[in-house]
Amino acid sequence: MEAVFVDFLSLCLRWLHMIAGMAWIGSSFYFIHLDLTLKPDPHLPAEAQGAAWEVHGGGFYQMVKYLVAPQRMPDKLAWFKWEAYTTWLSGFSLLVVTFYLNAQLFLVDKTVLDIEPIYAIGLSIGFLIAGWLVYDATCKSSLGRNENVLAAFEFVFLVAVFYGFLHIFSDRGAFIEMGALIGTMMVANVFLVIIPNQKKMVASLIAGETPDAELGLQGKQRSVHNNYLTLPVVFMMISNHYPLIFGTKYNWVIFALVLGIGFVIRYFYSFHHAGKPSPWWAWGAAAVMMGLIGWLSWIGSNSYQQDARAIRPHVPFSQVQEIVTARCSVCHAATPVWPGFAAAPKGLFLDTADNIRAHADQIEIYAVRTKAMPPGNVTDISDADRNLLGNGLAQLASIK
Ligand code: HEC
């Protein structure tokens, strides 16, 4: 009963999280685009910086941007912040439901670090806070005065932190922790810097004073960071469904490349939308990096078959079935014995010879090429058994 409820709760939270995330990313992409397409117009009031004409949903819009307060401050101002806050709140709740409630399976891998699930949860929350504090401090420090130096520093910082996570949490735990940290940095940028600064600026505009330009610059710096982190954060969230990404030896290089891809693509659009000569090379660079990710994911996975000329041990199917029954079917069966599972996870049954044959490719990806399954290696499958499984499944394929 409890497992059924948790499963349903996870569905509700995931749905909400995705929708809020789309609304947040959508509105931030929209405003970046709008900002870049504003053009000066002599018909506008003197305080207006520029305007853009847009067409959508059967109507025309003239969007005008004021840098200083317009003659009369409107009674109602729309603030764009709840998209970001809802994304974080639903995301953190989802982290609790999927990872913290099942920390032993998804956050901890005792072959990486043998810690009690409760400590892993404590560390996970601690890193979200500490990561933000370090990032925020560097933005405010003298490093923050030069945006290129700061960007280079943040890049190295994030990759180093991720490398550390990989030595504390399970691979998939490290990926989600990194996604959660980047997401937390982005939302905290909105909550603790961008919105409070905007509020102070609006207050001084209403009071007829000149707002402190520094406030605007700080907000701008954080907005730029958020823009460049948008694509990587989404990648980190979905990577959890791809063991060949999180469970591969070079996963930390993959993360560095993902940051690079996120950067070059958003860089392209910042020129393209502004109507400046577009750096088309950015797409080439992104494609090369994506290709590298695919290659690294492949060569970094367990290459049990690499030496095809060597005599492969003959593994009878009965041995394959024996390993799978011993290590997998406590969960992947009609009535899982493992506590906390109401039904076979992902509807995947590995309890009969036919089912094992039918899912040979998936077993190879999840349990041989990578160590994604069993989660946290809770049923203690050995590396030797993983290789036997791989060879047995490969022989099965060749008779098919
Ligand atoms: C402790 C319970 C448990 C054990 C033991 C276990 N699994 Fe899983 N398995 C899960 C859970 C939970 C998921 C869903 C993970 C997710 O949400 O991404 C899963 C997902 C999978 C998937 C992905 C299915 C899909 O459609 O996405 C495969 C393949 C898989 N397991 C294979 C195996 C193999 C092979 C073994 C044995 C070597 C094994 N599992 C052992 C719990 C288990």
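The values are calculated or read from the model by the stated rules, or taken from the named source; none is laboratory data. Small disclaimer: the values here were computed from a predicted structure and weren't measured. Quick reminder, even Gly has a Cβ in these numbers, built from the backbone with ideal geometry, and neighbours come from all protein chains shown. All accessible areas refer to the heavy atoms of the entire protein, side chains included, with ligands and DNA or RNA removed. Shrake-Rupley method; radii C 1.70, N 1.55, O 1.52, S 1.80 Å.
A few remarks follow.
- Principal axis box of the stretch 198-288, alpha-carbon based, largest edge first, Å: 58, 32, 17
- Local electrostatic count, MET201, Cβ distance below 13 Å [Lys/Arg +1, Asp/Glu -1]: 0
- For the stretch 317-399, Kirkwood radius (reciprocal of mean inverse C-alpha pair distance, Å): 12.6
- Environment charge at HIS33 (Cβ cut-off 12 Å; Lys +1, Arg +1, Asp -1, Glu -1): -1
- If you take all other residues with their beta carbon under 15 Å from the beta carbon of LYS276, and give Lys and Arg +1 and Asp and Glu -1, the sum is +1.
- A Gaussian network model of the chain, with springs between Cα atoms under 10 Å, assigns the largest mean-square fluctuation among ASP212, ASP109, ASP380 to ASP212.
- Sparsely packed chymotrypsin sites (Phe, Trp or Tyr not before Pro) within the stretch 44-127, loop by DSSP, other Cβ within 10 Å at most 10: TRP79
- Hull shadow area, averaged, the chain [alpha-carbon convex hull, nm²]: 25.0
- Surface composition of the chain: carbon and sulfur atoms hold 66% of the protein heavy-atom accessible area at a 1.4 Å probe.
- Computed from the Kirkwood radius of its Cα pairs, the Stokes-Einstein diffusion coefficient for the stretch 15-109 at 25 °C and 0.890 mPa s stands at 147 µm²/s.
- The chain, accessible area per residue, ligands and nucleic acids excluded (1.4 Å, Å²): 54
- For the stretch 351-400, the average shadow cast by the Cα convex hull is 3.4 nm², which is a quarter of the hull's surface.
- Membrane-span-like helices in the chain (whole DSSP H runs, Cα extent of at least 20 Å along the helix axis, mean Kyte-Doolittle hydropathy of at least 0.5): 2-37, 117-140, 147-165, 171-188, 251-272, 281-299.
- Dipole in debye (nearest 20) - the stretch 317-399, about Cα centre, beta carbon charges: Lys, Arg +1; Asp, Glu -1: 180
- Magnitude of the charge dipole for the chain, about its Cα centre and with charges confined to Cβ atoms of Lys, Arg (+1) and Asp, Glu (-1), is about 620 debye.
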